[in-house]
1. State all residues of region 162-179 that are part of a helix (DSSP H, G or I) and either surrounded by 23 or more Cβ atoms within 10 Å (Cβ to Cβ) or of a type in the set (Phe, Trp, Tyr) (or both); if no residue qualifies, say none.
2. Out of the residues in region 108-144 that are in a helix (DSSP H, G or I) and of a type in the set (S, T, N, Q), state the one that is most open to solvent (accessible area, probe 1.4 Å).
3. Which residue out of 90, 99, 82, 77 is open to solvent by 40 Å² or more (accessible area, probe 1.4 Å), hydrophobic (A, V, I, L, M, F, W, C) and within 16 Å of ligand 1 (Cβ to nearest atom)?
4. Take region 14-55 and flag every residue that is buried (at least 19 other Cβ atoms within 10 Å of the Cβ), away from ligand 1 (no atom under 16 Å from the Cβ) and farther than 17 Å from residue 116 by Cβ.
5. Return the residues of region 118-149 that are within 15 Å of ligand 1 (Cβ to nearest atom) and of a type in the set (A, V, I, L, M); say none if nothing qualifies.
6. Among the residues of region 26-76, write down those that are part of a loop (DSSP other than H, G, I, E, B), within 16 Å of ligand 2 (Cβ to nearest atom) and without any contact (Cβ under 8 Å) to a residue 60 or more places away in the chain.
7. State whether the residues of region 96-107 include one that is in a loop (DSSP other than H, G, I, E, B), more than 16 Å from ligand 2 (Cβ to nearest atom) and over 15 Å from the mean Cα position of the chain (by Cα).
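The values are calculated or read from the model by the stated rules, or taken from the named source; none is laboratory data. This is a predicted model, so every value here is computed, not measured. With ideal geometry, Cβ positions are generated from the backbone for all residues, glycine too; neighbour counts draw on all protein chains shown. Accessible surface areas use protein heavy atoms only, side chains included; no ligands, DNA or RNA. Shrake-Rupley method; radii C 1.70, N 1.55, O 1.52, S 1.80 Å.
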Amino acid sequence: RVNIKRISTGVRSLDELLNGGVETSAVTEVAGEFGAGKTQFCHQLAVMVQLPEDKGGLSAKAIYIDTENTFRPERIAQIARARGLDPDQALKNIYYARAYSSDHQMILAEQARRIIKQDNVKLLVVDSIVAHFRAEFPGRENLAERQQKLNKHIADLLKIADAYDVAVVVTNQVMAQPDVFFGNPLKPAGGNVLAHGATYRIWLRKSKENIRIAKIFDSPYHPEREATFKITEEGLTD
Ligand code: ATP
Ligand code: MG
């Protein structure tokens, strides 16, 4: 992993937590309960990657695979404006695809690989990586099959990150309630699969009003610090 670069999150405290930002050649999992800010984090990165390097970006494009229909062009425009980018151009620099099933999601990952080979893409977002898999393979009895498929998908994403020096960012909703299937509130409802697959794992949790707290787990390179940020009209801010 020689060519590692970083995409600034645009938030000083988060960048400090991440030693400068989200890494290329790695898969970063953003986990947290509903409303924690996972999707907002992805929107922000899809803009930040476009900025020049002296402003924290990589002068590059993004691919956004949306499984829950929560991508909002107007939100991208807002964040882009706040960062001094032309909102229309910022939207054009994001390849967007809605995934309608887990199989479709895996096909889109393969299509993403082909786009990345041909264009200057440095960020691949999958928001959420687990939603379709959970819906299609519910309960304990389907867990083995679900994990097998999810493992294949994560392996594909890791290969893309590694082969093309792309930052892959995936989201994973964590239940606020103790998970009935796994009995461990600290494990994502997808089971422990992503903990082995993702290179980094960021946990987001809600604090008062628009304040959010981020923490990194399972990383040999990052101390288990916390960072505080806000979600505002401008996107994620200090
Ligand atoms: P889920 O697991 O349900 O997908 P999530 O972690 O993806 O949740 P987000 O959708 O990223 O959560 O975060 C939602 C939060 O972002 C809400 O608290 C909402 O108020 C805030 N938010 C969204 N858009 C704006 C905006 N334009 N201005 C200020 N805050 C916003
Ligand atoms: Mg979301």
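1. Filtering region 162-179 down to residues part of a helix (DSSP H, G or I) leaves 162-164.
The one that is part of a helix (DSSP H, G or I) and either surrounded by 23 or more Cβ atoms within 10 Å (Cβ to Cβ) or of a type in the set (Phe, Trp, Tyr) (or both): 164.
2. To start, the set of residues in region 108-144 that are in a helix (DSSP H, G or I) comprises 108-118, 131-136, 140-144.
Applying the additional criterion that residues be of a type in the set (S, T, N, Q) yields 111, 118, 142.
Details: 111: 83, 118: 160, 142: 43 Å².
Among those that are in a helix (DSSP H, G or I) and of a type in the set (S, T, N, Q), it is 118.
3. Working: 90 fails: open to solvent by 40 Å² or more (accessible area, probe 1.4 Å); 99 fails: open to solvent by 40 Å² or more (accessible area, probe 1.4 Å); 77 fails: open to solvent by 40 Å² or more (accessible area, probe 1.4 Å).
Being open to solvent by 40 Å² or more (accessible area, probe 1.4 Å), hydrophobic (A, V, I, L, M, F, W, C) and within 16 Å of ligand 1 (Cβ to nearest atom) holds for just one of 90, 99, 82, 77, which is 82.
4. 15, 17, 18, 21, 51
5. Listed by number, the residues that qualify are 125, 126, 129, 130, 131, 135.
6. Scanning region 26-76 gives 69, 70, 71, 72.
7. yes
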